[in-house]
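Have a look at the structure below, then the notes.
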Amino acid sequence: MKIYIKDYYQTKFGELWDKSLTDLIFETVSVLLKNNNLSACDLSAVFVGNMLSGVLDDNLLLSAKINEILSNAGLPVIRSEAACASGAVAFFNAVNFLKSGQGKTVLVLGVEKMTDFSSEEVTTALASALSGPEQLAGLTFPGAYALMAKVYLEKYGYTQEHLANVAVANHFWGSLNPKAQFRQKISVSDVLNSAYVADPLKIYDCSPISDGCAGLLLTTEKTAVEVSACSVATDTLSLSERKDLLVLDSVARSAELALTSAGVSIQEIDLLEVHDCFTIAQLLVLESLGVCGKGEAGDWFADFDQNKPFALRPVVNTSGGLKSCGHPVGATGVKQIGELFLQLSNKAGARQVSGAKVGLAQNTAGSGGLSVVSILTR
């Protein structure tokens, strides 16, 4: 059974003070159904990725709320929670639902409302995706990734400037994306002169707190963009249990599974949307995917030229990544796949990659405890 993407919609990502979680879902659902002349009755199911509504907003039974938005259609509405990979896991579940023959068209949503709460509340809620002992020790995600960054820089002889190059590239792409939270270009000096969050990571090394919703229509009816693979793999929850702090085994395993299933090699990938919750995360993902060798990703973005942005192949994070487009955690995995869909449909506007035929999206949960890799082909 082949699965295809029919359409994609994304709200603006950012500090959306005038919109509630329900508003964001309603906007996304309404646009997708209207643009495709569909009603709720034409859907077989809805899959939604969300991490924090039950933790921050005391709104855990999101499935029933979505059913209300769908005028009480009574459809199966299934919520997935997998930390920052919640959206991609919802996509994985939707793909397999269709492959099992249970329906013809499904809606995949990823949504998060984060900015109504203090940064302390959000940081604590996000830290629930760390192991218990690490939480008790006071570790947060900036701290966890700062540990990885320190080891990486020292082991391979890189500097903070190499991390800054990642942020500069993502902000360039974000400047071309009208739905991005941050649309300004930045320089290496901007990054280096910003304040520390957790040494060696600075403000511009970190993705923001964001609101937003993204949605995909999946179908068994042939369209221009096919879902060639979607695979999930897990690793340890605790950093202390990792064999190698700089190897994301879940990323490597999920990529191997997806590439084998799609029948392509990493060298055949034209586009990448990868998880860059922090700049160091993007470097580690590129190495774990096999795009770069071990210890080589630090130099990758040194070759990025804003005057020739399409020259560096594969092209990475044309959406702006989590860093510039924003990171409403439950929505990120759906947005990544949606960006590939736009690119492969020649609908990406100023950031369109000419001739792109194969795209890969990689979505991480926590500090690498789970990874989803999806491959789309035109």
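The values are calculated or read from the model by the stated rules, or taken from the named source; none is laboratory data. The shown structure was predicted, so the numbers you read here are calculated from the model rather than taken from an experiment. Cβ atoms come from the backbone with ideal geometry, glycine included; neighbour counts cover every protein chain shown.
Taking region 124-200 and the helices (runs of 4 or more DSSP H) fully enclosed by it, the elements with 3 or more residues that are of a type outside the set (Phe, Trp, Tyr), without any contact (Cβ under 8 Å) to a residue 60 or more places away in the chain and farther than 18 Å from VAL316 by Cα are at 132-136, 141-156, 188-192.
Yes/no per residue for (1) surrounded by fewer than 24 Cβ atoms within 10 Å (Cβ to Cβ); (2) in contact (Cβ under 8 Å) with a residue 12 or more places away in the chain; (3) under 20 Å from the mean Cα position of the chain (by Cα):
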position: PRO309; (1), (2), (3): yes, yes, no
position: ASN317; (1), (2), (3): no, yes, yes
position: PRO328; (1), (2), (3): no, yes, yes
position: ALA331; (1), (2), (3): no, yes, yes
position: VAL334; (1), (2), (3): no, yes, yes
position: LYS347; (1), (2), (3): yes, no, yes
position: ALA350; (1), (2), (3): yes, yes, no
position: VAL353; (1), (2), (3): yes, yes, yes
position: VAL372; (1), (2), (3): no, yes, yes
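Of all the residues in region 25-59, those that are within 16 Å of LYS113 (Cα to Cα), free of Cβ contacts under 8 Å to residues at least 40 places away in the same chain and either surrounded by fewer than 16 Cβ atoms within 10 Å (Cβ to Cβ) or in contact with a Gly (Cβ under 9 Å, 6 or more places away or on another chain) (or both) number 2. Please work out if ALA82 is free of Cβ contacts under 8 Å to residues at least 24 places away in the same chain, in contact with a helix residue (DSSP H, G or I) (Cβ under 8 Å, 6 or more places away or on another chain), surrounded by 17 or more Cβ atoms within 10 Å (Cβ to Cβ) and among the small types (Gly, Ala, Ser). No: the conditions fail for ALA82. Would you mind stating whether ALA302 is part of a helix (DSSP H, G or I) and under 21 Å from the mean Cα position of the chain (by Cα)? So ALA302 does not fit the description; no. Taken together, ASN96, ASN67, ASN72 contain a single residue that is within 23 Å of the chain's Cα centre (by Cα) and of a type in the set (S, T, N, Q), which is ASN96.
For region 155-173, the criterion of being charged (D, E, K, R), over 18 Å from the mean Cα position of the chain (by Cα) and over 30 Å from LYS65 (Cα atoms) is satisfied by at least one residue. Looking only at region 357-368, which residues are in contact with an Asp or Glu (Cβ under 8 Å, 6 or more places away or on another chain) and crowded, with 24+ Cβ neighbours inside 10 Å? The answer is GLY359, LEU360, ALA361, GLN362, GLY368. The residues on offer are LEU312, LEU322, LEU360, and the sole one that is in a strand (DSSP E or B) and not polar (S, T, N, Q) is LEU360. Restricting region 137-174 to residues that are of a type in the set (S, T, N, Q) and closer than 21 Å to GLY368 by Cα leaves a set whose member that is surrounded by the most Cβ atoms within 10 Å (Cβ to Cβ) is ASN170.
The listed residues are ALA224, ALA258, and the only one of them that is touching a residue at least 60 places away in the same chain (Cβ under 8 Å) and within 19 Å of ASN346 (Cα to Cα) turns out to be ALA224. Scan region 233-289 for residues that are of a type in the set (Gly, Ala, Ser) and either within 17 Å of the chain's Cα centre (by Cα) or assigned to a strand (DSSP E or B) (or both) and the total you get is 8. Of the residues examined, LEU70 is not one that is surrounded by 17 or more Cβ atoms within 10 Å (Cβ to Cβ), in contact with a Leu (Cβ under 6 Å, 6 or more places away or on another chain) and in contact (Cβ under 8 Å) with a residue 40 or more places away in the chain. For region 226-248, a residue qualifies if it is under 25 Å from GLU339 (Cα atoms) and in contact with a helix residue (DSSP H, G or I) (Cβ under 8 Å, 6 or more places away or on another chain), and the qualifying residues are VAL227, SER228, ALA229, CYS230, SER231, VAL232, ALA233, THR234, LEU248.
With a requirement of 2 or more residues that are over 12 Å from LEU109 (Cβ atoms), the strands (runs of 3 or more DSSP E) lying completely within region 1-82 that satisfy it span 3-10.
Can PHE301 be described as surrounded by 22 or more Cβ atoms within 10 Å (Cβ to Cβ), at pLDDT 95 or above and aromatic (Phe, Trp, Tyr)? So PHE301 fails the test.
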